[in-house]
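Asks: Structure provided below as structure tokens; questions to follow.
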Amino acid sequence: MGSSCSNHLGIPPGNGPNAVGCTDFMMDHTAEGTFFRLYYPCQEMESAGKPDWVPYKEYFNGLADFMKMNRALSERIFNYLFGSFKIPAYLDAPFKSNEKCPVIIFSHGLGAFRTLYSAICAEMASQGFIVASVEHRDQSASATYYFCEKPESERSNASLTKSSGATQQNLVKEWMYYRALQHGESEFPLRNKQVKQRADECILALDKLTEINSGISVQNVLETHFDWSTLKDSCHNSMDLCRIAVMGHSFGGATVIEALCKEVKFKCGVALDSWMTPLDDEIFPRVKQPIFFINSEKFQWAGNISRMKKLDSAVIQRKMITIRGTVHQSFPDFTFLTGNWIGKLMKLKGEIDPELAIDLCNKATLAFLQRHLGLEKNFNQWDPLINGEDENLIPGTNVNLLQSAI
Ligand SMILES: CCN(CC)CCN(C[C@]12C[C@](c3ccc(C(F)(F)F)cc3)(C1)C2)C(=O)Cn1c(SCc2ccc(F)cc2)nc(=O)c2c1C=CC2
């Protein structure tokens, strides 16, 4: 691995007071349903296992496609480098919280998928949030899967189909891989269509959590051992559906803006190194909620920053900070999983220590969420970070905007 054994490689666990549980949820059998990984405060469960960071090899195949690399070779490299990592959470542990939990819907970047931001999601859950990290079916994910019902002819008549429709035996898993821009294809129409679908998928995930909270029995196509009734409002403290935020990285940052515009239940948004290309300027005046742009030092450019600035408002809080020494990949989990020289070579690490960078990002996010969700926690201790008041932060941006005026 090219790193000394002292700095053990792995995804950092959450720092908050709650143990973190993790489970997967997929609604119905079509690609139009919602699919997300849920991170939540749970009972300590020494016996519980930890979920796989990359659950199926098909994700590595999709990542190879995304990186324009040969599948066979890169699947071995990815498996060797990343195949054994676990998520710092207890798989399917029972939900446990002594207060209602605010909710975050998280949207992944281009070529990513739902499991790659678990340092951020686990931290939020350890601090008392319920986080649904959605997996988009807009063909922007490296890979994703859904289920189709087998055609009549192939149905196994041995297993009587339950009244609720197909049983597992009659379902077949279909994989959807990353769709690259075709040669000569213009970027905006594809990305604008995708960002609209991504926002709808975030809203659908929220609607599903709302149903679960109200006790409507929901059908999880995935056979997990998680008891969804523990999330029901009546018998437990569960979700606080007045305190909902949307968060995302890069393409997921654009999804934040689109989702805020479409759904007022999202009270605020946190956009990590947002990629503004997919967005239509005409939606900017229609976004009424606070937005926090947390940028890396290396990814941004004048045109992208000037689009963010178009969202500046005298009446709605719009904040921006830049974390010194970070790169675009400082937000997803890869940044913790390779030694320094591989990490820097593959632009997975910047100059700053990855855990320090994600700590600053998470603390600034928590302070912003406390302010705009009206939480009664002590996250306001990190308010100075929202204004970039830290030696490793830059208020606003490091990008010189004058060049964009030329
Ligand atoms: C040649 C490929 N070309 C495709 C358009 C550009 C590829 N690229 C730069 C990369 C992703 C990189 C990466 C990943 C993963 C390893 C690994 F080896 F560790 F697996 C290495 C190296 C290659 C850094 C980006 O797209 C950057 N980017 C991202 S990266 C999100 C992501 C994807 C896969 C992950 F596993 C983790 C995170 N999300 C966005 O929403 C946007 C952009 C750009 C604009 C909008």
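The values are calculated or read from the model by the stated rules, or taken from the named source; none is laboratory data. It should be emphasised that the depicted structure is a prediction, and the values quoted were computed from it without experimental measurement. We place every Cβ from the backbone using ideal geometry, glycine too, and count neighbours over all the protein chains shown. Just the protein is used for accessible areas: all its heavy atoms, side chains included, with ligands, DNA and RNA removed. Shrake-Rupley method; radii C 1.70, N 1.55, O 1.52, S 1.80 Å.
Asks: Hey, does the range 87-97 have a residue that's under 30 Å from Leu260 (Cα atoms), of a type in the set (Ser, Thr, Tyr), in contact (Cβ under 8 Å) with a residue 24 or more places away in the chain and within 16 Å of the ligand (Cβ to nearest atom)?
Replies: no
Asks: Also, quick follow-up: Considering every residue within the range 18-29, establish whether at least one is within 16 Å of the ligand (Cβ to nearest atom), surrounded by fewer than 20 Cβ atoms within 10 Å (Cβ to Cβ) and either assigned to a strand (DSSP E or B) or touching a residue at least 40 places away in the same chain (Cβ under 8 Å) (or both).
Replies: Checked against the condition, which is being within 16 Å of the ligand (Cβ to nearest atom), surrounded by fewer than 20 Cβ atoms within 10 Å (Cβ to Cβ) and either assigned to a strand (DSSP E or B) or touching a residue at least 40 places away in the same chain (Cβ under 8 Å) (or both), the range 18-29 yields no hits at all.
Asks: Of the residues that make up the range 168-183, is at least one closer than 22 Å to Glu149 by Cα, at pLDDT 95 or above, surrounded by 16 or more Cβ atoms within 10 Å (Cβ to Cβ) and touching a helix residue (DSSP H, G or I) at 6+ places or on another chain (Cβ under 6 Å)?
Replies: yes
Asks: Being within 16 Å of the ligand (Cβ to nearest atom), more than 20 Å from Met124 (Cα to Cα) and either open to solvent by less than 10 Å² (accessible area, probe 1.4 Å) or in contact with a Ser or Thr (Cβ under 6 Å, 6 or more places away or on another chain) (or both): is that true of Lys344 here?
Replies: Considered against the rule, which asks whether it is within 16 Å of the ligand (Cβ to nearest atom), more than 20 Å from Met124 (Cα to Cα) and either open to solvent by less than 10 Å² (accessible area, probe 1.4 Å) or in contact with a Ser or Thr (Cβ under 6 Å, 6 or more places away or on another chain) (or both), Lys344 comes out as no.
Asks: Which residue, of Lys344, Lys363, is of a type in the set (Lys, Arg), free of Cβ contacts under 8 Å to residues at least 24 places away in the same chain and in contact with a helix residue (DSSP H, G or I) (Cβ under 6 Å, 6 or more places away or on another chain)?
Replies: None of the others qualify; the one that does is Lys363.
Asks: Moving on to the next point. Sort out which residues of the range 237-263 are assigned to a loop (DSSP other than H, G, I, E, B) and farther than 22 Å from Ile358 by Cα, and write them in order of number. Break it down stepwise before answering.
Replies: Step one: of the range 237-263, the residues assigned to a loop (DSSP other than H, G, I, E, B) are 237-238, 250, 263.
Within the range 237-263, Asn237, Ser238, Glu263 qualify.
Asks: Now for a different question. So which residues in the range 33-65 are of a type in the set (Phe, Trp, Tyr), surrounded by 19 or more Cβ atoms within 10 Å (Cβ to Cβ) and in contact (Cβ under 8 Å) with a residue 60 or more places away in the chain?
Replies: Hits for the range 33-65 are Phe35, Phe36, Tyr39, Tyr40, Trp53, Tyr59.
Asks: Quick check on my filter: what residues within the range 312-325 are open to solvent by less than 50 Å² (accessible area, probe 1.4 Å) and farther than 18 Å from Asn398 by Cα?
Replies: Selection gives Ser313, Ile316.
Asks: Also: Please go through the range 268-309 and pick out each residue that is in contact with a His (Cβ under 6 Å, 6 or more places away or on another chain) and assigned to a loop (DSSP other than H, G, I, E, B).
Replies: Step one: filter the range 268-309 for residues in contact with a His (Cβ under 6 Å, 6 or more places away or on another chain), giving 268, 272-273, 290, 296, 299.
The answer is Asp273, Pro290, Phe299.
Asks: Right, something else. Pick from Phe78, Phe113: which is buried (at least 19 other Cβ atoms within 10 Å of the Cβ) and within 24 Å of Lys208 (Cβ to Cβ)?
Replies: Selected residue: Phe113, the only one of Phe78, Phe113 that is buried (at least 19 other Cβ atoms within 10 Å of the Cβ) and within 24 Å of Lys208 (Cβ to Cβ).
Asks: Output the residues belonging to the range 140-154 that are in a loop (DSSP other than H, G, I, E, B) and either within 12 Å of the ligand (Cβ to nearest atom) or in the same structural domain as Thr255 (by TED's automatic domain parsing) (or both). Before the answer, list the steps.
Replies: Just the residues of the range 140-154 that are in a loop (DSSP other than H, G, I, E, B), to begin with: 140-142, 150-151.
Matches in the range 140-154: Ser140, Ala141, Ser142.
Asks: Please verify whether Ile77 is modelled with pLDDT of 95 or more and of a type in the set (Val, Ile, Thr), treating the condition exactly as stated.
Replies: Judged against the criteria, Ile77 is not a match.
Asks: Among the residues of the range 389-400, are any assigned to a loop (DSSP other than H, G, I, E, B), within 16 Å of the ligand (Cβ to nearest atom) and either among the hydroxyl-bearing types (Ser, Thr, Tyr) or touching a strand residue (DSSP E or B) at 6+ places or on another chain (Cβ under 6 Å) (or both)?
Replies: no
Asks: Please enumerate the residues belonging to the range 269-298 that are open to solvent by 30 Å² or more (accessible area, probe 1.4 Å) and free of Cβ contacts under 8 Å to residues at least 40 places away in the same chain.
Replies: Once the filter is applied, which keeps residues that are open to solvent by 30 Å² or more (accessible area, probe 1.4 Å) and free of Cβ contacts under 8 Å to residues at least 40 places away in the same chain, the range 269-298 yields Asp281, Glu282, Pro285, Arg286, Lys288.
Asks: Name the residue that is nearest to the ligand (Cβ to nearest atom), counting only residues in the range 326-335 that are open to solvent by less than 10 Å² (accessible area, probe 1.4 Å) and touching a residue at least 60 places away in the same chain (Cβ under 8 Å).
Replies: Looking at the filtered set, the residue picked out is Pro332.
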